[in-house]
Amino acid sequence: MVRSNSVRASGFTAAQETAEAITDSDEETRDNDGTTATLDTEIEMSRIFRTPGFQRMRIDWNPEDAIILTQAKVASEKRLLVEFPDTYQLMNQIFDKVRKPAVDTSTGEVLVDRFGLPMWEKDIYGRYIEDWSLLTRKERDDLLYTLVTSLFDWQQRAADAWSEAMMAKAQWEESYSRFFDQPLTGTVEGREAIGRVKSADERYFAIFLSAYSRKAEALVRSMERIANVLRDSLQAK
């Protein structure tokens with residue numbers, strides 16, 4: 001066994017000889033024009049010896065995984081439109097009053113998103129341009145009453161989404177336990193691996209439903225905040 005701090009016949013330690021070899025290799029690296037490329041040896045050595053995996057750190061999804069993730073997000077949005085259509089109808093009723101639709105500058109047509117809903121103008125900072133003074137008092141009264149009476153139903157729908165997510169989680173746990181118990185021999189770690197692999201479909205479905213439940217809850221909270229804003233604006237006048 002070679003120790004890194006033992007002095008060799010050359011008078012240098014193994015680490016020093018390795019560093020010297022790397023330095024020589026770096027000095028021999030040349031650019032296309034024949035000049036020697038200069039590298040910061042200390043930084044290069046730190047990169048190699050301290051955290052070699054850091055240079056390979058992923059900062060985004062793999063292309064294949066990104067496609068699946070996008071599909072899951074779109075599926076969640078579509079489901080929200082199906083199960084909470086009245087929230088989107090009400091929001092667009094408000095937007096029609098306080099915002100301006102974004103238009104195609106070449107054709108003048110109103111731009112729509114992937115679900116066919118109108119898109120709205122934004123400022124240079126990406127914020128929607130709104131003028132809430134365009135809502136009359138009666139319109140605010142009507143919207144507030146609609147929001148308050150609808151929240152009862154929306155909260156029940158969000159609770160149903162949470163219940164469905166919990167059922168899917170229980171199904172995954174049961175599937176995992178079944179596959180974990182099937183092998184009569186093997187280590188606990190090995191049986192855990194088998195259980196995870198064979199119950200992967202149920203697990204990812206449970207994760208999807210859990211994410212959808214969070215989106216449904218967020219949607220209801222947003223409607224509650226809008227109701228509070230309308231209530232405060234009416235009391236201020």
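The values are calculated or read from the model by the stated rules, or taken from the named source; none is laboratory data. Keep in mind that what you see is a predicted model, and the values were worked out from it rather than measured. Ideal geometry is used to build each Cβ from the backbone, glycine not excepted, and the neighbour counts take in all protein chains shown.
Laid out as a table, the results:
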{"item": "Contacts under 8 angstrom Cβ, first residue in the stretch 188-202 being surrounded by fewer than 15 Cβ atoms within 10 Å (Cβ to Cβ), partner at pLDDT below 85 and not hydrophobic (A, V, I, L, M, F, W, C), 6 or more apart", "result": "G190/P183; R196/Y176"}
{"item": "Search result, residues across the stretch 126-169 that are β-branched (V, I, T) and either in contact (Cβ under 8 Å) with a residue 24 or more places away in the chain or touching a His at 6+ places or on another chain (Cβ under 6 Å) (or both)", "result": "I129, T146, V148"}
{"item": "Looking only at the stretch 116-155, and only at residues there that are more than 17 Å from V229 (Cα to Cα) and of a type in the set (G, A, S), the one that is nearest to the chain's Cα centre (by Cα)", "result": "G126"}
{"item": "Candidate set: the stretch 153-170, residues that are charged (D, E, K, R) and under 17 Å from R221 (Cβ atoms); chosen: the one surrounded by the most Cβ atoms within 10 Å (Cβ to Cβ)", "result": "R157"}
{"item": "Complete set of residues in the stretch 78-111 that are among the β-branched types (V, I, T) and either surrounded by 14 or more Cβ atoms within 10 Å (Cβ to Cβ) or over 23 Å from the mean Cα position of the chain (by Cα) (or both)", "result": "T87, I94, V98, V103, T105, T107, V110"}
{"item": "Criterion: touching a Lys or Arg at 6+ places or on another chain (Cβ under 8 Å) and part of a helix (DSSP H, G or I) - qualifying residue of A193, A216", "result": "A216"}
{"item": "Number of the condition not met by D181 [criteria: (1) surrounded by fewer than 16 Cβ atoms within 10 Å (Cβ to Cβ); (2) under 21 Å from V74 (Cβ atoms)]", "result": "(2)"}
{"item": "Matching residues, the stretch 151-190, being of a type in the set (S, T, Y) and either in contact with a Ser or Thr (Cβ under 8 Å, 6 or more places away or on another chain) or not in a helix (DSSP H, G or I) (or both)", "result": "S175, Y176, T185, T187"}
